[in-house]
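This structure is in structure tokens; I'll ask about it shortly.
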Amino acid sequence: MKNLILSIGLFTALLINLQSFAQTKRTPASYGREEYIEVEKNVKLHVTDLGEGQPIVLIHGWPLSDAMYEYQYAYFVEKGYRVIGITLRGFGLSDKPGGKYNYDVFADDIKVILDKLKIENATLGGFSMGGATVIHYAAKYNAAHISKLALFGAAAPIWTKRADFNFGNWTKADVDGLIALNNTNRPQLLENFGQIFPANATSVSPGYGAWLGTIQAQASPYAMAEGLKTLRDTDLRDDLKKIKIPTLILHGKLDKICSYELAEQMNKLISNSTLVPLEKSGHALFIEELEKFNSELLNFIKK
């Protein structure tokens, strides 16, 4: 009898302890999503993954990071979307390995992340070099994981003039000069780009300019030089012809880095595309006309 009472007492104490543990166990505060995702051995990319709902995936431009989309994250999370920003290797908080930095590598990295996150029916958007990257992704992987494409001031079809492509503001010799400056006086290169980034001297406030400058300073100088080589040498005209999903092209009419002519050429080559000019914007369209940028992208996603 005494042993029975002792057993009951031990069982009761154990039950109380289990109930106490269950009551004190912390409920996770986060979504439980990885902030750094490995895309190949020793290479992890920084991913901002906020909100819940239909996914929007955003790729930054040269030499920025996914942090450039701060005001898109805030807007679309409030609208009920899941917004995923991927920082390409070599930039921002992502790893900065030696090796190749071309649209093939960038597209492969994006594919690994979308595979791991099991993303489906997403809108994939890209700015400047990121716009060229998402074009190559959609063409190479036949729009895997995505149902719509959005291009913001994209550096395509070709960023540099050719004998058969007399559009844009840059020659290969110009870009060679940018690479040389990157390798000898990178602060000057960033200052020079800062001067032509907006439509005019007042369309981007000093605060915004300083904020963008801190993001750019995180980039690897090596990745910046290799990225410029990719911008200089790549022809995406065949890729554009392969894209069949609905595509939105947002482009500043006053863009000095990726001229509006490039947007018109993209619109001609993508069969199912819509071109929306941002009349007051230069290359910084995502902040120069922030409200229009966000609302046009939202309307496109909701169609």
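The values are calculated or read from the model by the stated rules, or taken from the named source; none is laboratory data. What you see is a predicted model, and the numbers here were worked out from it, not measured in a lab. Here Cβ is always computed from backbone atoms with ideal geometry, including for glycine, and neighbour counts include all displayed protein chains. The protein model used for the area step is the full one, side chains on, heavy atoms only, and it has no ligands, DNA or RNA in it. Shrake-Rupley method; radii C 1.70, N 1.55, O 1.52, S 1.80 Å.
Cα-based Rg (one decimal) and Dmax (whole number) for region 159-303, in Å?
In Å, with Rg to one decimal and Dmax whole: 16.2, 48.
For a distance above 17 Å, tell me the whole-number percent of Cα pairs in region 86-206 that qualify.
67 percent
Taking H placed 1.01 Å from N in the peptide plane, check which residues at least 5 places from Gln54 or on another chain put their amide H under 5 Å from its amide H.
Result for Gln54 returns Arg82.
Could you look at the chain and say what percent of its accessible area is carbon and sulfur, using a 1.4 Å probe and all protein chains?
The computed percentage sits at 54.
Calculate for the chain the 222 nm mean residue ellipticity that helices alone would give, adding -39,500 (n - 2.57) per DSSP H run of length 4 or more and normalising by residue count, nearest 500 deg cm²/dmol.
-14000 deg cm²/dmol
Okay, moving on. Give the value in nm², to one decimal: projected area of the alpha carbon convex hull of region 200-269, averaged over all directions.
Spelled out: convex hull of the Cα atoms, projected over all directions, averaged, 6.5 nm².
Step through the residues of region 239-255 one at a time and calculate ³J(HN,Hα) from phi using the Karplus curve (6.51 cos²θ - 1.76 cosθ + 1.60, θ = phi - 60°), rounding each to whole Hz and writing x for Gly and Pro.
Result, ordered by residue: 4, 4, 5, 7, 7, 10, 6, x, 10, 9, 10, 9, 8, x, 5, 10, 5 Hz.
Amide H neighbours of Ala150 under 5 Å, counting only residues 5+ apart in sequence or on other chains, H built in-plane at 1.01 Å?
Under 5 Å from the amide H of Ala150 lie the amide H atoms of Leu124, Gly125, Gly126, Leu248, each far enough along the sequence or on another chain.
Arrange the peptides 57-64, 100-107 so that the one whose residues have, on average, the most other Cβ atoms within 10 Å appears first.
57-64, 100-107
So, one more: Report Rg/Rh for region 27-136, rounded to two decimals, where Rg is the Cα radius of gyration and Rh the Kirkwood radius.
For region 27-136, the value is 0.95.
If you don't mind, there's one more thing I want to ask. Going highest first, how would you order 125-137, 153-165 by mean Cβ packing within 10 Å?
Final packing ranking: 125-137, 153-165.
Please give the FRET efficiency for Glu261 paired with Asn192, using the beta carbon to beta carbon distance and R0 = 22 Å, rounded to the nearest 0.05.
0.55
When the Cα atoms of the chain are enclosed in a convex hull and the volume is divided per residue, what value in Å³ results?
It is 165 Å³ per residue.
If you count only protein heavy atoms with a 1.4 Å probe, what accessible area per residue comes out for region 167-281, rounded to a whole Å²?
For region 167-281, the per-residue accessible area is 46 Å².
Something else about it: R0 = 35 Å: FRET efficiency of Glu34 with Tyr222, Cβ-based, nearest 0.05?
For Glu34 and Tyr222, the calculated efficiency is 0.85.
Given +1 on the Cβ of Lys and Arg, -1 on the Cβ of Asp and Glu, and no further charges, what dipole in debye does region 135-206 carry about its Cα centre, rounded to the nearest 20?
Dipole about the Cα centre, nearest 20: 240 debye.
What is the extension gain from Asn142 to Asp108, computed as 0.36 nm multiplied by their sequence separation minus the C-alpha to C-alpha distance, in nm to one decimal?
The span from Asn142 to Asp108 would gain 11.0 nm if fully extended.
Once label points are set 7 Å from the Cα along Cα→Cβ at both Thr171 and Glu78, what is their separation, rounded to one decimal in nm?
Placing both labels 7 Å beyond Cα along the Cβ direction yields 4.8 nm.
What is the dipole size for the chain, taken about its Cα centre, with +1 at each Lys and Arg Cβ and -1 at each Asp and Glu Cβ, in debye to the nearest 20?
Its charge dipole is roughly 700 debye.
Still on this structure: Give the percent of DSSP beta bridges with both residues in region 155-303 that are antiparallel, rounded to the nearest 5.
10 percent
Ok, one more. Expected output is a single nm value to one decimal: the length gained when fully extending between Lys118 and Ser205, i.e. 0.36 nm times separation in residues minus the C-alpha distance. What is it?
So the extension gain works out to 27.5 nm.
Please identify the DSSP H helices in the chain that span no less than 24 Å along the helix axis (Cα) and have a mean Kyte-Doolittle hydropathy of 1.0 or more.
2-24
Further question on the same structure: Based on Cβ point charges of +1 for Lys and Arg and -1 for Asp and Glu, what charge dipole magnitude is obtained for region 155-303 about its Cα centre, in debye rounded to the nearest 20?
360 debye
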